[in-house]
Amino acid sequence: MRVCSPTRNEFQRVVKLPLTLLFATFLQIASVGNNLSFAQESQNLPVQSSSQSITLAAEDSWPPFANQFGQGISHRLIAAAFKQSQVEVNSLVVPYSRALMMAEKGAVDGVFNVTREASTEQRFVFGNTPLFVAKASFYQRKQRPLIAANKWELPKGTVIGVIKSYEYGDEFPELVKKRQLNVVTVANQQQLINLLMIGRIDAAVMFDLVAQENLQKMGVSDDVISAFNNHSSEIYLAFSKENPKAAQLAKELDQGLTQLKANGQYQQLVSAK
């Protein structure tokens, strides 16, 4: 009986089969090794902390606290305080009255530089720590001084200039009523100063640092001077009641401000030009 020898093709298949198995096994081992190496590298990588961003309305005409370029003391303090809890701050620079309205309607998460008083506590959520305290005074023209030693002695009918939607303390409505003051409302500090210079108003209520900044810019620091105090305001970042996270954001801001004061950064940020 004749025994047939395998053909050349059959012999090649027999030889190749073990080599194929060996190659597949090698690939499998290499893959496992790579996966283990990747897993070890992943464990050694730093864990990325989760962060969030918020949008705030910042007024455009209250230097040195907030100006039309989105700069100032308030911007620095708020950004640095929220950085402690990895919250990124985006600011929309708008007139103050619009900023209040946007926050009240929930179009933004909060609004800069709000005085905490009875009228604003009904509209917004506040933390426990103010950004800073700002003093406001009655300003007069040097050549036309007020005949009064304090605000409660203002002659009845005195014409007083103020900024639209600004808060001037809980006493101000009572003062207006009791002294029968005529209140003229304008949009910004420059308009107030111009009205005072031309005699359209008898006095203007302005926050002292803001008044100094604008009087110097306009070159009338010697012509318009402080008469007497109106009030001191604790100035806050006010949060929208439409935002369900408002209370948490207020808490994080409080914590951030506390940390800035503890490590010395707060005073540096306030004093920086």
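Mind listing the long-range amide H neighbours of Val108? Cut-off is under 5 Å, sequence gap 5 or more, other chains count too, H placed in the peptide plane at 1.01 Å from N.
HN-HN under 5 Å from Val108: Ala103.
How large is log10 I(q)/I(0) at q = 0.12 Å⁻¹ when the Debye formula is applied to the Cα atoms of the stretch 106-231, each weighted equally and without solvent?
Treating every Cα as an identical point scatterer, log10 I(q)/I(0) equals -0.47.
So what's the net charge close to Ile198: Lys and Arg +1, Asp and Glu -1, counting the other residues with Cβ under 15 Å from its Cβ?
With Lys, Arg at +1 and Asp, Glu at -1, the net is +2.
Counting other Cβ atoms within 10 Å, which chymotrypsin sites (Phe, Trp or Tyr not before Pro) in the stretch 127-195 have at most 13 and lie in a DSSP loop?
Those that pass, being in a loop and sparsely packed, number zero.
Which residues' amide hydrogens lie under 5 Å from the amide hydrogen of Leu92, considering only partners 5 or more residues apart or on another chain, with H built in the peptide plane?
HN-HN under 5 Å from Leu92: Leu56, Ala57, Ala58.
Which value, in Å² and to the nearest 10, is the accessible area of Asp222 when all protein chains are kept and the probe is 1.4 Å?
Asp222 exposes around 120 Å² with every protein chain in place.
Once you compute Rg and the Kirkwood Rh from C-alpha atoms, what is the Rg to Rh ratio for the stretch 45-140?
Result for the stretch 45-140 is an Rg/Rh of 1.02.
With only Lys, Arg, Asp and Glu charged, each at its Cβ (+1 for the first two, -1 for the last two), find how big the charge dipole of the stretch 116-273 is about the Cα centre; round to the nearest 20 debye.
280
List the residues, sorted by chain then number, that are 5 or more residues from Asn230 or on another chain and whose placed amide H is less than 5 Å from its amide H.
Ala136, Ser137, Phe138
Any of Lys142/Lys164; Lys135/Lys164; Lys135/Lys261; Lys177/Lys273; Lys135/Lys178 with alpha carbons more than 28 Å apart? Name them for me.
The pairs that break the limit, which is 28 Å between Cα atoms, are Lys177/Lys273.
Taking a ≥ b ≥ c as the square roots of the eigenvalues of the Cα gyration tensor of the stretch 221-273, is the shape rounded (a/c under 1.5), prolate (a/b larger than b/c) or oblate?
It comes out oblate by the Cα gyration axes.
In the neighborhood of Arg123, defined by Cβ-to-Cβ distances under 10 Å, what is the net charge if each Lys or Arg adds +1 and each Asp or Glu adds -1?
Spelling it out: positives minus negatives among the neighbours equals -1.
Lys and Arg at +1, Asp and Glu at -1: add these up for the other residues within a Cβ distance under 14 Å of Pro155 and post the number.
Taking every Cβ under 14 Å from that of Pro155, the sum is +3.
How big is the accessible area of Glu174 in square angstrom, nearest 10, if you roll a 1.4 angstrom probe over the protein chains?
The value for Glu174 is about 100 Å².
The values are calculated or read from the model by the stated rules, or taken from the named source; none is laboratory data. This is a predicted model, so every value here is computed, not measured. Quick reminder, even Gly has a Cβ in these numbers, built from the backbone with ideal geometry, and neighbours come from all protein chains shown. Side chains included, ligands, DNA and RNA excluded: accessible areas come from the protein's heavy atoms. Shrake-Rupley method; radii C 1.70, N 1.55, O 1.52, S 1.80 Å.
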